[in-house]
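One structure below.
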Amino acid sequence: MRYGANDVLRDVRFQAHHGEVLALLGPNGAGKTTTIEILEGFRMRSAGRVDVLGADPAHGDERWRARIGVVLQSWRDHGNWRVRELLAHLGSYYQRPWDADELVEAVGLTAQAAKKIKTLSGGQRRRLDVAIGIVGRPELLFLDEPTAGFDPRARHEFHDLVHRLARDHATTVLLTTHDLAEAGKLADRIVVLVGGRIIADGTEDELARRVAGEDEVRWTHEGNHHTRTTSDSTGFVRELFAQYGTAIGQLEVRRASLEDTYMALVRREETAAR
């Protein structure tokens, strides 16, 4: 994607698989939103090839659009609509929509089903955003910062919903978020975009090993503290217990968190670009 003489995206190559939850991560200005908008068919690319559900999004028709769902960071709603009423109305545009009552329950808005949208809290409106995005049972769902404004319980329930969509309904989910813990819980695979280029693509463990390489094992034995780095922490711990048994105490295996991995990848790329 080029604006004037500036390449916003270049050599961006990745694939999302059927029923997979894929997280697209990157700092502000990395090109995430532009990438998503191209895939959704909302923005025309400058060059390259894009295939979404067997079609070029730039030429996607209404039948194609009915197969995707989009949850934006925010949208202008009709405040006088009631929650269930709006979802039932929107569902009427699809061939196989969610039942409105089932959908309201799935996103945790049963108690608000008969309330006007303008009376909902920020977190409740966000749940409604998600419900609108999935009302047509999409084959592919785009989620842009989906849990902004959610309290911890609502976030946990939403994570369960995403897993059910992928597992039970074979929905492919493309997620963008700045919440790295959320990405780690939801994503089967992670793609990191920095400066308009993809710098990493893999599972959380694969990316961690690519950056950190080894796990850190800590334990105590006869009052002494020990630390060892190893690429096979499971095998090392097994040998440790085979040798010392119950004399081992305070055992801890630390693997790099997704945040550790992400920050290391971004720093490495930014340093190389200088």
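How big is the Kirkwood radius of the stretch 12-158, worked out from every pair of different alpha carbons and given in Å to one decimal?
Details: mean 1/r = 0.0608 Å⁻¹.
Mean inverse Cα-Cα distance, inverted, gives 16.4 Å.
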Subject >> the stretch 208-247 versus the stretch 140-183: alpha-carbon centroid distance in Å >> reply: 34
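Let me have the 222 nm mean residue ellipticity of the chain computed from DSSP H runs of 4+ only, each contributing -39500 (n - 2.57), with the sum over all residues rounded to the nearest 500. Before the final figure, lay out each step's value.
On the way: 10 runs with 102 residues, N = 274.
Computed ellipticity for the chain at 222 nm equals -11000 deg cm²/dmol.
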Original post:
Among the trypsin sites (Lys or Arg not before Pro) within the stretch 51-102, which fall in a DSSP loop and have no more than 11 other Cβ atoms within 10 Å of their own Cβ?
Top reply: Arg76
Original post:
Which lysines does Lys32 reach when only Cα atoms under 22 Å apart count, and residues fewer than 8 places away in its own chain are ignored?
Top reply: Lys185
**OP:** For Lys116, list the aspartates and glutamates whose Cα falls under 13 Å from its own Cα; do not include residues on the same chain fewer than 8 positions away.
**Re:** Asp77, Glu85
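A short reminder: the numbers here are calculations on the coordinates, not readings from a lab. Everything numeric here is computed off the predicted structure, so don't read it as measured data. Reconstructed Cβ throughout: ideal geometry from the backbone, glycine too, with neighbour counts over all protein chains shown.
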